[in-house]
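Values in this text are rule-based calculations from the coordinates and carry no lab data. What you see is a predicted model, and the numbers here were worked out from it, not measured in a lab. All Cβ positions, even for glycine, are placed from backbone atoms using ideal geometry, and neighbour counts span all protein chains on display.
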Amino acid sequence: MPPWLIDPPRTDDTLASGISKHEEPEALLALSKCLIEDYGDYTHVYTDASKTADGKVGIGCYIEASCENAEVKDAKRVTDNVSVYAGEIAAIWLALHAVGKNGKR
């Protein structure tokens, strides 16, 4: 199927676009929990990447267990000295690969 005929996945960037990461941690946690509750019927997929001061980059993904999906936890090292943004994209790819292997949407 041509990619332009595939419906894009639904994403929500409310937290990234609506608030600053410099807000009080308690407020950020409360807002995050409220938003997550709004998506109780969806599969929750989390990704992250980090880079150390000496250039080592790690990525990870976590997919919550549900009645349809098994829990998935995966972490990997990627090429040293890539940007943290490249790491974030690699983490998203890792999560998509895990979802694809699980056979669920």
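Each of Glu23, Glu88 was scored by other Cβ atoms within 10 Å of its Cβ. Listed from fewest to most, they are Glu23, Glu88. Evaluated over the chain, the count of Lys pairs having alpha-carbon atoms less than 26 Å apart is 15 (only pairs 8 or more residues apart or interchain). Over the residues of the chain, the helix contribution to mean residue ellipticity at 222 nm works out to -11000 deg cm²/dmol, using -39500 (n - 2.57) for each DSSP H run of at least 4. Taking a point 7 Å out from the Cα of Ala86 in the direction of its Cβ, the residues of region 13-54 whose backbone N falls within less than 20 Å of it are 48-54.
Around Ile36, with a cut-off of 15 angstrom between Cβ atoms, what is the net charge of the other residues, counting Lys and Arg +1 and Asp and Glu -1? Local charge sum for Ile36: -4. Under a model in which nothing but the beta-carbon of Lys, Arg (+1) and Asp, Glu (-1) is charged, region 22-92 shows a dipole of about 480 debye around its Cα centre.
Given in Å, the Rg to one decimal and the Dmax to the nearest whole number for the Cα atoms of region 43-105 are 12.5, 41. In this structure, the amide hydrogen of Asp74, modeled 1.01 Å from its nitrogen in the peptide plane, lies closer than 5 angstrom to those of Cys61, counting only residues at least 5 positions away or on a different chain.
Relative to the 2.2 N^0.38 Å rule of thumb, the chain has a C-alpha radius of gyration ratio of 1.21.
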